[in-house]
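Shown next, in structure tokens, is the structure this report addresses.
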Amino acid sequence: MSLNSFGHLFRVTTWGESHGPALGATVDGCPPGVAVDAALLQHWLDMRKPGQNRYTTQRQEPDQVEILSGVFEGKTTGTPVQLMIRNTDQRSKDYSEIAEKFRPGHADITYWQKYGIRDYRGGGRSSARETAARVAAGGLARAALGALAPEVEIKGYMVQMGPHRIDREAFDWDQIDQNPFWVPDAKAAEDWATYLDGLRKSGNSVGAVVEVVARGVPAGLGAPIYGKLDTDLAAAMMSINAVKGVEIGEGMGAAELTGEANADEIFMGNDGKPVYSSNHAGGILGGISTGQDVVVRFAVKPTSSILKPRQTITKSGEAAEIITKGRHDPCVGIRAVPVGEAMMACVILDHLLLHRGQIGDAGGRIG
């Protein structure tokens, strides 16, 4: 079992390698009749594609998505949707010197230990290039959400780069699309630019924290114990290449709170729906959505391919020094923002379909 698929009813299988001829996703379970075309999906891929500014890898990939099946006359048919993105700017020779060496912090060594063979040209499946397929699938999920739950809105942004955090008091939704870091803080964007320029020029890299919010999620999505919404969200975000930690709502910070401080008090709103005094739970209680914003954060480690000399070993076990050539992101967390959004869309849609199939219009009423 290769485990290249995720989701229950809306099921996504990604395929392809960083330096292969193409990569893509096969999406099964998308409802029929959803209006979608390549241009709609391309919008999201353009947010993630490399080479858009000096803060990302200069690999020039158009990330042009092709829909090979499952769509007829501009609408999904209910059959598998096959999405393909061709690779056009591979420079495999950049990796020839690491064919026998393992990059510290990279999956080179574990892939070799597991499979006894590895694609050293960019890392194969372990490359962040794989995430382009997820973004294409996420675009399809967004289209389906637009038809089934148009009130759902998903937005991701960076809240930390290295040791530098945003000022929550200066949070501005309108700023997110106005800078190369997807950061909701104009001052932070300026400071981070200077900071990352220094790292980039020195051949180094740095990690980041990305936050993804889904607004307008209906109450009731998810199931107790093994089908929790936050379980699947955590697994989806953790599966993104280079992610090393995931939080829901207050996350690890909840350990510092008292029960009194952590409790999101409940009141009846003027519209007859419950409202909460706060959202420490991140929009999920007992694995089930509350109707509040669903808030997820994930930490992305620094890019392992750097121009700084590091000590390693070869496949034969000999000591060696390694410097990785090629074109790499000084902060891969930047391009992880649209990937996080895509995974949120896929999971929310999947749970919406599960809820609709089991519960339908049943469920407790308040008031």
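The values are calculated or read from the model by the stated rules, or taken from the named source; none is laboratory data. Everything numeric in this text was worked out from a predicted model, so none of it was measured. When we count neighbours, we look across all protein chains shown, and the Cβ atoms used for this are built from the backbone with ideal geometry, even at glycine. Ligands, DNA and RNA are stripped out before the accessible areas are found, and what is left, the full protein with its side chains, is counted by its heavy atoms. Shrake-Rupley method; radii C 1.70, N 1.55, O 1.52, S 1.80 Å.
For the range 215-223, state whether one or more residues are under 18 Å from the mean Cα position of the chain (by Cα), at pLDDT 95 or above, under 15 Å from Val296 (Cα atoms) and part of a strand (DSSP E or B). Within the range 215-223, one or more residues are under 18 Å from the mean Cα position of the chain (by Cα), at pLDDT 95 or above, under 15 Å from Val296 (Cα atoms) and part of a strand (DSSP E or B). Screening the candidates His280, His351, His328 for the property of being in contact with an Asp or Glu (Cβ under 8 Å, 6 or more places away or on another chain), surrounded by 11 or more Cβ atoms within 10 Å (Cβ to Cβ), in a loop (DSSP other than H, G, I, E, B) and not basic (Lys, Arg) yields one hit, His280. The residue of the range 283-310 that is farthest from Leu257 (Cα to Cα), among those that are in a strand (DSSP E or B) and either modelled with pLDDT under 95 or out of contact with any strand residue (DSSP E or B) (no Cβ under 7 Å at 6 or more places or on another chain) (or both), is Arg310. Checking each residue in the range 242-276 for being under 30 Å from His328 (Cβ atoms) and open to solvent by 100 Å² or more (accessible area, probe 1.4 Å) picks out Lys244, Met252. Would you confirm whether or not the range 323-334 contains a residue that is more than 18 Å from the chain's Cα centre (by Cα) and under 19 Å from Ile154 (Cβ atoms)? There is no residue in the range 323-334 that is more than 18 Å from the chain's Cα centre (by Cα) and under 19 Å from Ile154 (Cβ atoms). Remark: pairs (first residue in the range 257-271, free of Cβ contacts under 8 Å to residues at least 40 places away in the same chain; second residue surrounded by 10 or more Cβ atoms within 10 Å (Cβ to Cβ) and small (Gly, Ala, Ser); Cβ separation under 7 Å; 6+ apart in sequence or on different chains) = Asn262/Ala254; Asp264/Ser277; Asp264/Ser278; Asp264/Ala281; Glu265/Ser277. Among residues of the range 189-215 that are surrounded by fewer than 17 Cβ atoms within 10 Å (Cβ to Cβ), those with a Cβ under 8 angstrom from a residue that is of a type in the set (Lys, Arg), sequence gap 6+ or separate chain, pair up as Asp197/Arg54; Ser202/Lys308; Gly203/Lys308; Asn204/Lys308; Arg215/Lys155. Residue count for the range 166-187 satisfying the condition of being touching a Lys or Arg at 6+ places or on another chain (Cβ under 8 Å) and of a type in the set (Gly, Ala, Ser): 1.
The one condition from (1) open to solvent by 50 Å² or more (accessible area, probe 1.4 Å); (2) in a loop (DSSP other than H, G, I, E, B); (3) of a type outside the set (A, V, I, L, M); (4) touching a Gly at 6+ places or on another chain (Cβ under 8 Å) that His106 does not meet is (1).
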